[in-house]
Amino acid sequence: MRAVVLRQFGPPENMTLEDVPVPKPRPGEALLRVGAVSVDLYQTVLRRGGAVHVELPRIMGNGIAGKVVELAPDANGIALGQRVVVCNNVSCGDCRYCRSGRDTLCVDRKIVGGQRDGGYAEFVAVPARDCVVLPDSVSFEDACLIPNTIGPVVKACSHGARIRPAENAVIVGAAGGMGIHAVQAARVCGARVIAATRTARNEDAVRAAGADVIVTTSEGGWAEQVRRHTGGWGAEVVLDFVATQETLQASLAALGPGGRLVIMGYFPRGSVFETPTWAFSEERTVTGNRSAGRRDVEDALALIRDGRIKALVHKSYPLHAAVQAQRAFEAREIVGRAVLVP
Ligand SMILES: [Zn+2]
């Protein structure tokens, strides 16, 4: 089969299209014919090296939707011919976190396309219990955005931020692939959405996604703008998808008494939080949200099926154009997400 293989960390050109054997599913696993795979930050961070622990060579790609073409013994819960989306977190199912439903914290967690081969390929083998069956109305292209993008933002809005109706939710990085879907997810939770974007370039798309107010972060002082738009109080919720030292400090400043900050990016270097009297004296909460568990994938799928969240697929590329797709992603040419269709 054809697959995009990373043999050395570095620029997009280090990914090569190769002929490799079709993977053999092990007990409990299914073989999928890949229908679509998303192109996003985890993959480009992994490809550059240093931040994600993986061994090379590796077939890239997570955020996979496809069709079940083979089932190994003990592969239960799905049937041949079914269309499925794959949870990225391959969890053990037995540790204290898995048993309490927090599979994203599994002590033996393996990421598809990271610690095991992924979906930049015609076929991929994955554990059957990490597959969620798709309704006919949801395409592979839309579904592949769930594991890395729509599932995590649904989780962040509902569980991390616990958004309640009519609360003000600030989405920092609202024009990015995560952020523009978070605008929609926050609206589903009933929030009044304040979108914080670096420039006005994608303002129309952010507004179309459901933002009520837009503030521009490159002008500085945007936390003050948030306060002005919230009657001087600050927001009840901030979701920071950029998570640099600068945005995190502004995110805290934009947070009102009792507010909740959810960190959705990589931690910056340097100190962000000094003496946290802001947490104690006005009962603020800071939490993190690293990825979607199976339950979040199921929730996100239901929201897409019911038309309450729209998967924003900007462009589809063939498998051999993986290099161009990642280049376009890193050049910020993509509004929403790009996908590969092997
Ligand atoms: Zn576990």
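The values are calculated or read from the model by the stated rules, or taken from the named source; none is laboratory data. Keep in mind that what you see is a predicted model, and the values were worked out from it rather than measured. Note: ideal-geometry Cβ built from the backbone for every residue, glycine included; neighbour counts use all protein chains shown.
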Handout entry: Flag for ALA331 being of a type in the set (A, V, I, L, M) and within 18 Å of the chain's Cα centre (by Cα)
Key = no
Practice task
Output yes when any residue across region 115-135 is surrounded by fewer than 24 Cβ atoms within 10 Å (Cβ to Cβ) and either without any contact (Cβ under 8 Å) to a residue 40 or more places away in the chain or under 12 Å from the mean Cα position of the chain (by Cα) (or both), and no when none is.
Solution key: yes
Handout entry: Filter result (part of a loop (DSSP other than H, G, I, E, B) and near the ligand (Cβ under 6 Å from one of its atoms)) within region 95-114
Key = CYS95, CYS106, VAL107, ASP108
Exercise for the section: Please identify the pairs in which a residue from region 276-287 that is at pLDDT 75 or above has its Cβ atom under 6 Å from the Cβ atom of a residue that is loosely packed, with under 13 Cβ neighbours inside 10 Å, counting only partners at least 6 apart or on another chain. Expected result: GLU282/PRO257; GLU283/GLY258
Completion exercise
The strands (runs of 3 or more DSSP E) lying entirely within region 128-230 that contain at least 2 residues which are assigned by TED's automatic domain parsing to the domain that holds GLY63 and under 21 Å from PHE329 (Cα atoms) are none
Fill in the blank from the handout: Within region 80-105, of all residues that are surrounded by fewer than 20 Cβ atoms within 10 Å (Cβ to Cβ) and among the hydrophobic types (A, V, I, L, M, F, W, C), the one farthest from the chain's Cα centre (by Cα) is LEU80
Practice task
Could you please give the count of residues in region 70-94 that are within 16 Å of the ligand (Cβ to nearest atom) and farther than 28 Å from VAL39 by Cα?
Solution key: 1
Practice task
Within region 48-58, identify whether any single residue is more than 16 Å from the ligand (Cβ to nearest atom), in contact with a Leu (Cβ under 7 Å, 6 or more places away or on another chain) and basic (Lys, Arg), and answer yes or no.
Solution key: yes
